[in-house]
Amino acid sequence: MAVVQDDRMRVRAQAKWVRTSARKARLVLDLVRGRSVPEARTILAFTTRAAATDIEKVLRSAVANAEANHGLDGDELVVEVAYADEGPTLKRWKPRARGRVNRIRKRTCHVTLVLAEVPEPQTLRRRPRKQAEKTPAAAESKAQTSKTGSTTRRRKKEAVA
């Protein structure tokens, strides 16, 4: 598999040991992946999930990194990569009836966001037109094809009328 490298600047921010499960964080990250920074901020502000506040902090950190370290405009960036890896799980115990105990797993995750500059729209390049052949034989064949095309059009008009 070939990796395509372009010359866009990328900025990364990571929050480790976030006290939410990676699965819950991924649901929110799926909402902002591929969006522009202002759009992602709006989505995170109105998302009711608890992981949205932690992800918003990471997004603010990534934008601050871009502006302070690389001189980029924060509103001109796009969330290119967003993922949540599992962190260490805290094991706690809860007493139950008849002297038993249940394990409680308090899961953590590591949230990573990568921002990139907006790709410039590429203009479509048109193919150059083919040069008309200068031989007389080519000119005759072209005249015949245009002639047959006009006769078939004429016949169709006569059939309709």
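If a residue must be touching a residue at least 24 places away in the same chain (Cβ under 8 Å) and on the phi < 0 side of the Ramachandran plot, how many such residues does the range 31-44 contain? Let's see the steps before the verdict.
Applying the first criterion (touching a residue at least 24 places away in the same chain (Cβ under 8 Å)) to the range 31-44 yields 32-38, 40.
After this cut, where a residue has to be on the phi < 0 side of the Ramachandran plot as well, the list is 32-33, 35-38, 40.
Number of matching residues: 7.
When only residues in the range 40-56 that are loosely packed, with under 14 Cβ neighbours inside 10 Å and of a type outside the set (Val, Ile, Thr) count, which is nearest to Arg10 (Cα to Cα)?
Restricting to residues being loosely packed, with under 14 Cβ neighbours inside 10 Å and of a type outside the set (Val, Ile, Thr), the top hit is Ala45.
Just to be sure before I move on: is Val28 without any contact (Cβ under 8 Å) to a residue 40 or more places away in the chain, among the β-branched types (Val, Ile, Thr), farther than 21 Å from Pro119 by Cα and in contact with a Ser or Thr (Cβ under 9 Å, 6 or more places away or on another chain) in the structure I sent? Steps first, please.
Details: without any contact (Cβ under 8 Å) to a residue 40 or more places away in the chain: yes; among the β-branched types (Val, Ile, Thr): yes; farther than 21 Å from Pro119 by Cα: yes; in contact with a Ser or Thr (Cβ under 9 Å, 6 or more places away or on another chain): yes.
Spelling it out, Val28 is indeed without any contact (Cβ under 8 Å) to a residue 40 or more places away in the chain, among the β-branched types (Val, Ile, Thr), farther than 21 Å from Pro119 by Cα and in contact with a Ser or Thr (Cβ under 9 Å, 6 or more places away or on another chain).
Considering (1) in contact (Cβ under 8 Å) with a residue 40 or more places away in the chain; (2) over 19 Å from the mean Cα position of the chain (by Cα), say which one Val78 fails and leave the rest.
If we test Val78 against (1) in contact (Cβ under 8 Å) with a residue 40 or more places away in the chain; (2) over 19 Å from the mean Cα position of the chain (by Cα), just (2) comes out false.
Quick check on my filter: what residues within the range 2-32 are over 19 Å from the mean Cα position of the chain (by Cα), of a type in the set (A, V, I, L, M, F, W, C) and part of a strand (DSSP E or B)?
Within the range 2-32, the first condition is being over 19 Å from the mean Cα position of the chain (by Cα), and the residues that meet it are 15-24.
Next, from what is left, pick out any that are of a type in the set (A, V, I, L, M, F, W, C): 15, 17-18, 22.
Result: Ala15, Trp17, Val18.
Looking only at the range 119-132, decide whether some residue is modelled with pLDDT of 70 or more and within 30 Å of Asp85 (Cβ to Cβ).
Checked the range 119-132: at least one residue is modelled with pLDDT of 70 or more and within 30 Å of Asp85 (Cβ to Cβ).
Given the structure, is Pro128 within 25 Å of Trp17 (Cα to Cα), assigned to a loop (DSSP other than H, G, I, E, B) and more than 23 Å from the chain's Cα centre (by Cα)? Working first, answer last.
Values: within 25 Å of Trp17 (Cα to Cα): no; assigned to a loop (DSSP other than H, G, I, E, B): yes; more than 23 Å from the chain's Cα centre (by Cα): yes.
No; evaluated as a whole, the condition is false for this residue.
Being closer than 16 Å to Val118 by Cβ, in contact (Cβ under 8 Å) with a residue 40 or more places away in the chain and outside any loop (DSSP other than H, G, I, E, B), is that true of even one residue in the range 45-54?
Pass one, the range 45-54, residues closer than 16 Å to Val118 by Cβ: none.
Within the range 45-54, none of the residues are closer than 16 Å to Val118 by Cβ, in contact (Cβ under 8 Å) with a residue 40 or more places away in the chain and outside any loop (DSSP other than H, G, I, E, B).
Exactly one of (1) touching a Leu at 6+ places or on another chain (Cβ under 9 Å); (2) more than 18 Å from Ser21 (Cβ to Cβ); (3) modelled with pLDDT of 95 or more is unmet by Arg60. Its number?
(1)
Can you pull out the residues in the range 59-84 that are surrounded by fewer than 18 Cβ atoms within 10 Å (Cβ to Cβ), among the aliphatic types (A, V, I, L, M) and in a helix (DSSP H, G or I)?
Residues satisfying the conditions are Ala64, Ala68.
I'd like the residue in the range 1-25 that is touching a residue at least 60 places away in the same chain (Cβ under 8 Å) and among the β-branched types (Val, Ile, Thr) and, out of all such residues, is nearest to Val111 (Cα to Cα).
Among residues in the range 1-25 that are touching a residue at least 60 places away in the same chain (Cβ under 8 Å) and among the β-branched types (Val, Ile, Thr), the one nearest to Val111 (Cα to Cα) is Val18.
Name the residue that is farthest from Ser61 (Cα to Cα), counting only residues in the range 85-125 that are in a loop (DSSP other than H, G, I, E, B) and touching a Leu at 6+ places or on another chain (Cβ under 9 Å). Even if it seems obvious, please write down each step before you answer.
Narrowing the range 85-125 to residues in a loop (DSSP other than H, G, I, E, B): 87-89, 96, 100, 107-108, 118-125.
Restricting the remaining residues to those that are touching a Leu at 6+ places or on another chain (Cβ under 9 Å) gives 107-108, 118.
Working: Arg107: 23, Thr108: 20, Val118: 19 Å.
Checking each candidate, the answer is Arg107.
The values are calculated or read from the model by the stated rules, or taken from the named source; none is laboratory data. Note that this is a predicted model, so its numbers are computed, not measured. Neighbour counts run over all protein chains shown; Cβ positions are idealised from the backbone, glycine included.
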